[in-house]
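**Q** Take a look at the following structure, please.
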Protein chains: 2
Amino acid sequence: MTKPLISLTAALAISISFASPLAAQDQPAGAPSPNEIVGGAEAEEWVAIPAEDLLVMTLAPASDGTEREVVIQLMSAPFSQGWVENIRTLARTGWYDDITVNRVQDNYVVQWGDLNYDNPEADGDPKLLPAGLQVMAESDYSVDGRILSQLTVSNLVAKAEFQPGEDWIAPEESELGDEYSDLVGFHRGWPVASTFSEYGAETWPIHCYGMVGVGRNYSPDTGSGAELYTVIGHAPRHLDRNIALVGRMVEGMEHLSSLPRGTGALGFYTEEEADKRTPILAVRMASDLPADERPNFEYLSSEGETFARYVAARANRRDPFFITPAGGADICNIPVPIRRAGE
Amino acid sequence: MTKPLISLTAALAISISFASPLAAQDQPAGAPSPNEIVGGAEAEEWVAIPAEDLLVMTLAPASDGTEREVVIQLMSAPFSQGWVENIRTLARTGWYDDITVNRVQDNYVVQWGDLNYDNPEADGDPKLLPAGLQVMAESDYSVDGRILSQLTVSNLVAKAEFQPGEDWIAPEESELGDEYSDLVGFHRGWPVASTFSEYGAETWPIHCYGMVGVGRNYSPDTGSGAELYTVIGHAPRHLDRNIALVGRMVEGMEHLSSLPRGTGALGFYTEEEADKRTPILAVRMASDLPADERPNFEYLSSEGETFARYVAARANRRDPFFITPAGGADICNIPVPIRRAGE
């Protein structure tokens with residue numbers, strides 16, 4: 001047999017998944033890959049994610065019977081905490097149970113919520129929101145007696161008191177650039193961007209692949225957290241500072257990203273394809289689950305030495321597959337390593 | 001009924017699909033959206049894509065019987081033309097017929113080829129490549145009598161004679177930046193990047209969502225075009241100048257991006273999930289199809305006035321949903337408008 005011209009298992013031998021390194025026997029000697037660098041991190045560089053920051057979302061099983069569970073990490077302070085607290089309330093009261101995935105737009109978002117909201121063709125009334133939600137609009141429509149505070153569009157950024165270099169880390173300028181801000185980096189494992197002006201810095205989280213945000217209507221509505229979406233394509237950075245980002249996928253993203261695309265406007269499923277709407281059976285706070293069912297995750301500290309080497313390696317791939325190192329990286333091409341704890 | 005707090009159909013009312021504008025009655029007055037600008041282009045700003053640059057790939061029907069057809073536009077000169085010509089040869093000789101999709105890695109690529117290539121667990125021998133292919137490696141393994149010319153890694157960029165501003169258009173610097181190059185822009189509707197040095201400019205096509213490239217093994221192998229992939233996640237720009245880009249998806253991308261993810265290393269399907277490998281029934285050059293079956297596509301000229309306004313609008317969204325215009329755009333967030341001709 002002629003020596004094959006293409007290797008099936010080694011072709012495109014680059015992975016951004018930490019679970020799938022290239023088989024060692026196929027690999028010429030060279031600089032360590034980003035994954036190999038992460039694999040060498042000391043145990044103390046991994047930071048546990050609190051159970052009260054994890055949501056476990058159970059989808060209806062797939063048509064072949066496969067169980068589908070998605071784990072979402074909620075955004076850290078100082079970002080979007082009003083919406084994040086609303087989401088905890090919605091999860092704890094069971095509000096998300098029995099809603100559906102209603103929209104799958106290719107290279108954009110998967111979105112889930114209550115199908116009866118603002119839908120003239122809906123069969124039923126919208127689900128009643130639980131008490132205790134913070135209000136999500138500057139306008140005057142809200143549910144009586146449920147207003148605790150205002151979540152306005154001005155809450156979408158952290159202000160001057162949140163300083164690059166003090167409150168968050170920007171890797172070497174030579175490695176990361178950004179056309180959407182003056183500086184990008186990481187805050188407690190989250191990708192963030194800042195602009196600077198005479199009034200000081202403004203900092204916000206970034207719409208990378210797998211980030212989770214709050215669906216809303218036209219401004220000044222900012223959404224309650226009852227309708228959520230995740231990014232399934234190229235980072236839609238024009239949404240930064242326009243929508244509240246409240247978290248990211250840490251496991252099970254493939255159950256959402258591989259859903260059939262909707263053929264209606266904006267990727268919504270039409271009534272004719274109503275059977276494609278995936279039911280969400282339950283959404284629970286991990287901290288509310290019995291200890292033996294509670295998922296444990298940890299992220300690689302974005303302030304440690306290993307993370308800095310990982311960023312440098314992703315910006316300048318010198319492992320064997322590569323001919324020309326890029327000389328830089330988009331921040332959304334530097335996913336923060338996250339793994340199940342104790343594995 | 002209480003006024004709903006979230007609009008299902010209007011939430012996240014931004015589309016990068018040209019087929020799905022927001023319903024007009026939901027939309028406050030404001031600046032035109034990028035899609036509205038494209039919709040106003042004059043007929044002469046649309047450029048027909050030649051039938052010899054279109055591949056029609058027919059997948060096996062989905063489990064629910066849905067037919068699945070994918071249309072790929074091949075890359076324009078001066079980029080990757082050796083591989084592109086190989087791909088025409090492979091399509092015309094029927095070589096791609098009855099291969100399979102073997103790899104689906106989330107937020108990365110879908111890859112298809114001959115499962116028997118370099119696969120120790122394969123049942124059969126690799127398919128014999130057709131005569132007339134150009135060689136895909138600088139090394140000495142090749143099929144006797146089939147070497148026409150060398151496709152080397154140095155073919156991955158266009159050299160100094162291909163000049164920004166003369167041979168391709170860079171939109172205003174204030175709107176597009178790039179951390180992977182010195183300048184980005186568009187050449188005949190394709191996203192390209194350049195670096196400059198004392199030796200002149202080097203220019204290459206960009207790995208945006210939906211771009212199609214040539215799977216390869218370790219350098220100096222550059223791949224023949226028999227194994228192809230498309231990008232289904234955030235632009236993996238570190239692959240630029242490392243892999244030959246040969247085209248992009250112009251229709252049917254959703255049939256590939258929504259495939260179930262593989263659980264093996266690098267997203268390859270394991271033997272246990274062999275039934276997830278989607279058969280590719282046929283790949284034909286559009287120019288070889290009967291006239292009444294031939295798809296006709298056109299792209300919005302990247303050198304016209306409408307395209308410039310479209311870029312400016314995408315970089316600074318001022319349509320009603322937006323609160324804070326981004327002030328810039330990543331080139332992969334400026335997809336070149338492509339549509340069926342005559343629609």
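The values are calculated or read from the model by the stated rules, or taken from the named source; none is laboratory data. Since this is a predicted model, take the numbers as computed values, not measurements. For neighbour counting, all protein chains shown are included, and Cβ atoms are generated from backbone atoms with ideal geometry for every residue, glycine included.
**Q** Just give me the residues in the stretch A:272-296 being part of a strand (DSSP E or B) and surrounded by fewer than 18 Cβ atoms within 10 Å (Cβ to Cβ), in sequence order.
**A** A:P279, A:L281, A:A282
**Q** Something else: If I ask for residues that are more than 18 Å from A:P325 (Cβ to Cβ) and either at pLDDT 90 or above or more than 32 Å from the chain's Cα centre (by Cα) (or both), which ones from the stretch A:23-42 would you list?
**A** As a first pass, look at the stretch A:23-42 and keep what is more than 18 Å from A:P325 (Cβ to Cβ): A:23-26, A:38-42.
A:Q25, A:D26, A:V38, A:G39, A:G40, A:A41, A:E42 - these are the residues of the stretch A:23-42 that are more than 18 Å from A:P325 (Cβ to Cβ) and either at pLDDT 90 or above or more than 32 Å from the chain's Cα centre (by Cα) (or both).
**Q** Could you tell me whether A:E175 is at pLDDT below 80 and touching a helix residue (DSSP H, G or I) at 6+ places or on another chain (Cβ under 6 Å)? Break it down into steps so the answer makes sense when it comes.
**A** Working: at pLDDT below 80: yes; touching a helix residue (DSSP H, G or I) at 6+ places or on another chain (Cβ under 6 Å): yes.
Against the criterion (at pLDDT below 80 and touching a helix residue (DSSP H, G or I) at 6+ places or on another chain (Cβ under 6 Å)), A:E175 qualifies.
**Q** Looking at the stretch A:154-199, which of its residues are closer than 16 Å to A:S302 by Cβ and hydroxyl-bearing (S, T, Y)?
**A** Matches in the stretch A:154-199: A:S194 only.
**Q** In this structure, does B:R248 turn out to be touching a strand residue (DSSP E or B) at 6+ places or on another chain (Cβ under 6 Å), in a loop (DSSP other than H, G, I, E, B) and modelled with pLDDT of 95 or more?
**A** Details: touching a strand residue (DSSP E or B) at 6+ places or on another chain (Cβ under 6 Å): yes; in a loop (DSSP other than H, G, I, E, B): no; modelled with pLDDT of 95 or more: yes.
No: the conditions fail for B:R248.
**Q** Then there's this: Give the residues of the stretch B:179-205 that are touching a residue at least 60 places away in the same chain (Cβ under 8 Å), crowded, with 22+ Cβ neighbours inside 10 Å and in a loop (DSSP other than H, G, I, E, B), sorted by residue number.
**A** Selection gives B:Y180 alone.
For (1) crowded, with 18+ Cβ neighbours inside 10 Å; (2) within 13 Å of chain B (Cβ to nearest Cβ), each residue gets a yes or a no:
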position: A:F307; (1), (2): yes, no
position: A:Y310; (1), (2): yes, no
position: A:A315; (1), (2): yes, yes
position: A:R318; (1), (2): no, yes
position: A:F321; (1), (2): yes, yes
position: A:A326; (1), (2): yes, yes
position: A:C332; (1), (2): yes, yes
position: A:P335; (1), (2): yes, yes
position: A:A341; (1), (2): no, no
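**Q** Look through A:Y299, A:Y229 and report the one residue that is within 11 Å of chain B (Cβ to nearest Cβ) and in a strand (DSSP E or B).
**A** On the way: A:Y299 fails: within 11 Å of chain B (Cβ to nearest Cβ).
Testing whether each residue is within 11 Å of chain B (Cβ to nearest Cβ) and in a strand (DSSP E or B) leaves just A:Y229.
**Q** Okay, moving on. Give the residues of the stretch A:232-254 that are of a type in the set (V, I, T) and within 9 Å of chain B (Cβ to nearest Cβ), sorted by residue number. Lay out the reasoning, then the answer.
**A** Taking the stretch A:232-254 as the starting set, the residues that turn out to be of a type in the set (V, I, T) are A:232, A:243, A:246, A:250.
Selection gives A:I232, A:I243.
**Q** Give the stretch A:261-271 a look and list any residue that's in a helix (DSSP H, G or I) and either touching a strand residue (DSSP E or B) at 6+ places or on another chain (Cβ under 8 Å) or crowded, with 18+ Cβ neighbours inside 10 Å (or both), or say none.
**A** As a first pass, look at the stretch A:261-271 and keep what is in a helix (DSSP H, G or I): A:265-267, A:271.
Within the stretch A:261-271, A:A265, A:L266, A:G267 qualify.
**Q** A follow-up question, please. So for the stretch A:251-272 (the condition being closer than 30 Å to B:R216 by Cα and without any contact (Cβ under 8 Å) to a residue 24 or more places away in the chain), does at least one residue qualify?
**A** Among the residues of the stretch A:251-272, at least one is closer than 30 Å to B:R216 by Cα and without any contact (Cβ under 8 Å) to a residue 24 or more places away in the chain, which makes the answer yes.
**Q** Residues to consider are B:N107, B:N119; find the one that is within 12 Å of chain A (Cβ to nearest Cβ), without any contact (Cβ under 8 Å) to a residue 60 or more places away in the chain and part of a loop (DSSP other than H, G, I, E, B). Break it down into steps so the answer makes sense when it comes.
**A** Values: B:N107 fails: without any contact (Cβ under 8 Å) to a residue 60 or more places away in the chain.
Checking each option against the conditions leaves just B:N119.
**Q** Quick check on this structure: which one of A:G94, A:G82 is in a helix (DSSP H, G or I) and either more than 15 Å from the chain's Cα centre (by Cα) or not aromatic (F, W, Y) (or both)? Break it down stepwise before answering.
**A** Values: A:G94 fails: in a helix (DSSP H, G or I).
Just one listed residue meets the conditions, A:G82.
**Q** Within the stretch A:162-172, take every residue that is under 23 Å from A:P325 (Cβ atoms) and surrounded by 15 or more Cβ atoms within 10 Å (Cβ to Cβ) and give me the one that is modelled with the lowest pLDDT. Steps first, please.
**A** Let us first name the residues in the stretch A:162-172 that are under 23 Å from A:P325 (Cβ atoms), namely A:169-172.
Narrowing further to those that are surrounded by 15 or more Cβ atoms within 10 Å (Cβ to Cβ): A:169-171.
On the way: A:I169: 77, A:A170: 77, A:P171: 73.
Only one residue fits best here, namely A:P171.
**Q** Going by the conditions given, is A:L183 of a type in the set (A, V, I, L, M), under 14 Å from the mean Cα position of the chain (by Cα) and either under 16 Å from A:N155 (Cα atoms) or more than 7 Å from chain B (Cβ to nearest Cβ) (or both)? Even if it seems obvious, please write down each step before you answer.
**A** Details: of a type in the set (A, V, I, L, M): yes; under 14 Å from the mean Cα position of the chain (by Cα): no; either under 16 Å from A:N155 (Cα atoms) or more than 7 Å from chain B (Cβ to nearest Cβ) (or both): yes.
In short, no.
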